[in-house]
Amino acid sequence: MSAMSSEFSFLHFGDTHLGRNTPSQISEQRAKSSVQAFEYVIERAIERDVDFVVHAGDFFDSPNPWPSIIDSTQEKLDRLEEAGIPIIATRGNHDRSYGRGRTLKGITMDIYESEMFHVVDPSRPEFPEFQEPVDGTKVYAVGYHSDQTPRILDGFQPDTDTFNVLLLHDFVEGLTRSFEGKHTSTDILSSLDLDYVAVGHDHDPQTSYRRQNETLFAATGGTIDYTFNLSDARKGYNIAHVEDGELKELEQNDIPQTLTLEKTQVDAADADPDHIKEEVEDALETGSAAVKVKITGEADPTEIPSQTIEKRLEELEHVEMAEVLASTTADVKAEINRGGFDLLEALDEHLPEEEKEEFRALHQKAAGLLENPANLTSSEKLDKSGRQELRQEAEEVLYED
């Protein structure tokens, strides 16, 4: 590792998903809260006078966010520039770094004309690409390249005379969720001359940091509640302190939320609107919240007073939105056993008009994955990576608008 005599600090965060606007019922509040969380971290960077900031990908939630989000983000980046603090970011999958159907890159990241804002997202021929925010330090980045990441890193030899940081927007076996044979690992990366690996993509990593050999691996999660299913995941940022070429201290800090996603599950036998209202009210903390209630158990879903429950919850002062999902036992097996069951026909018959398109798209996604031999195991079942991709999209449909 490096033998320099310099002393500096840097801030690491990522998965800001600026402009995230789902569920649609609270799109403006959601987008605003993403910028507020971003602003909080930027202000901490300025307050702590760090030497530079690194962002591990998924800067925006889409490559074409609202103009108001672009302008608000520019204001926050201007604050960093005025403080003389450079920020180095890589693209994530939401920034369209790489992947099938993702040829449009996150152009919004490229419109910021500032000597202090650097986007490092090289394709394989250009890798390794890096920035040098302070003397004796190099920040490399890979971005999001899915199962191509191990190939890109193959043969990578960072400078042995500098403090080396790697930004990686991908799963890393040993730190985050991973899928056998698909992603790189802490074992592989710790064999390189890397001092700090800043990992993005997984909003709920298995561990927030770990040391292996002389490499510190860190995952900060996101900065906002990404989905109802990930409302308990860490939302934070790190500040790393380096002295004489060695990482001496790692601070892990949480980000306060101005809008949270709250998910609760209730048995059908307890689906009394006033009872649920009391339960949710007791669980809510200060600040605004969107609430998703899942009703389970033995019951006819048509007998669940979903609309009444939603109205009761929206009477609460801090509840911006309430939604009830009845996931109770339904007698569909008999219909299937009678033969002639058609999934798309059933969707058309039972789903509200505004939800049909999303579920049809999910059905087409599943069919497309199964038609591609590259996504199948030897027994012609969907492999782990394909199942995870489908599960993620299914969660978006089931638990988001």
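The values are calculated or read from the model by the stated rules, or taken from the named source; none is laboratory data. For clarity, every value in this text was computed on a predicted model and none was experimentally measured. Cβ: placed from backbone, ideal geometry, glycine included. Neighbour counts: every protein chain shown. Only protein heavy atoms, including side chains, enter the accessible area calculation; ligands, DNA and RNA are left aside. Shrake-Rupley method; radii C 1.70, N 1.55, O 1.52, S 1.80 Å.
Numbers for the structure displayed
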| quantity | calculated |
| --- | --- |
| Condition met for residue 128 (open to solvent by 30 Å² or more (accessible area, probe 1.4 Å), at pLDDT 85 or above and under 22 Å from the mean Cα position of the chain (by Cα)) | no |
| Residue within the stretch 367-376 that is open to solvent by 50 Å² or more (accessible area, probe 1.4 Å), in a loop (DSSP other than H, G, I, E, B) and modelled with pLDDT of 65 or more present | no |
| Unmet criterion (only one of (1) farther than 30 Å from residue 324 by Cα; (2) modelled with pLDDT of 95 or more; (3) assigned to a loop (DSSP other than H, G, I, E, B)) for residue 2 | (2) |
| Residue, surrounded by the most Cβ atoms within 10 Å (Cβ to Cβ), within the stretch 155-191, restricted to residues that are of a type in the set (Ser, Thr, Tyr) and touching a residue at least 24 places away in the same chain (Cβ under 8 Å) | 184 |
| Residue among 207, 286 that alone is closer than 30 Å to residue 60 by Cβ, touching a Leu at 6+ places or on another chain (Cβ under 7 Å) and either open to solvent by 30 Å² or more (accessible area, probe 1.4 Å) or part of a helix (DSSP H, G or I) (or both) | 207 |
| Complete set of residues in the stretch 210-228 that are under 9 Å from the mean Cα position of the chain (by Cα) and in a strand (DSSP E or B) | 221, 222 |
| Positions within the stretch 47-69 being in a helix (DSSP H, G or I) and crowded, with 18+ Cβ neighbours inside 10 Å, in sequence order | 69 |
| Sole exception among (1) open to solvent by less than 50 Å² (accessible area, probe 1.4 Å); (2) at pLDDT 95 or above; (3) of a type in the set (Ser, Thr, Tyr) for residue 231, by number | (2) |
| Any hit, the stretch 231-246, residues being without any contact (Cβ under 8 Å) to a residue 12 or more places away in the chain and within 30 Å of residue 137 (Cβ to Cβ) | no |
| Failed item, numbered, when residue 302 is tested on (1) on the phi < 0 side of the Ramachandran plot; (2) in contact (Cβ under 8 Å) with a residue 24 or more places away in the chain | (2) |
| Odd one out for residue 223, checked against (1) modelled with pLDDT of 90 or more; (2) open to solvent by 10 Å² or more (accessible area, probe 1.4 Å) | (2) |
| Within the stretch 14-32, considering residues that are assigned to a helix (DSSP H, G or I), open to solvent by less than 10 Å² (accessible area, probe 1.4 Å) and not basic (Lys, Arg), the one farthest from residue 234 (Cα to Cα) | 26 |
| Positions within the stretch 236-270 being assigned to a strand (DSSP E or B), open to solvent by 30 Å² or more (accessible area, probe 1.4 Å) and within 30 Å of residue 134 (Cα to Cα), in sequence order | 241, 243, 246, 248, 249, 250, 251, 252, 253, 254 |
| Residue 135 open to solvent by 30 Å² or more (accessible area, probe 1.4 Å), touching a Ser or Thr at 6+ places or on another chain (Cβ under 8 Å) and in a helix (DSSP H, G or I) | no |
| Qualifying residue in the stretch 81-94 (condition: farther than 30 Å from residue 248 by Cβ and of a type in the set (Asp, Glu)) | no |
| Any hit, the stretch 348-359, residues being at pLDDT 75 or above, open to solvent by 70 Å² or more (accessible area, probe 1.4 Å) and of a type in the set (Asp, Glu) | no |
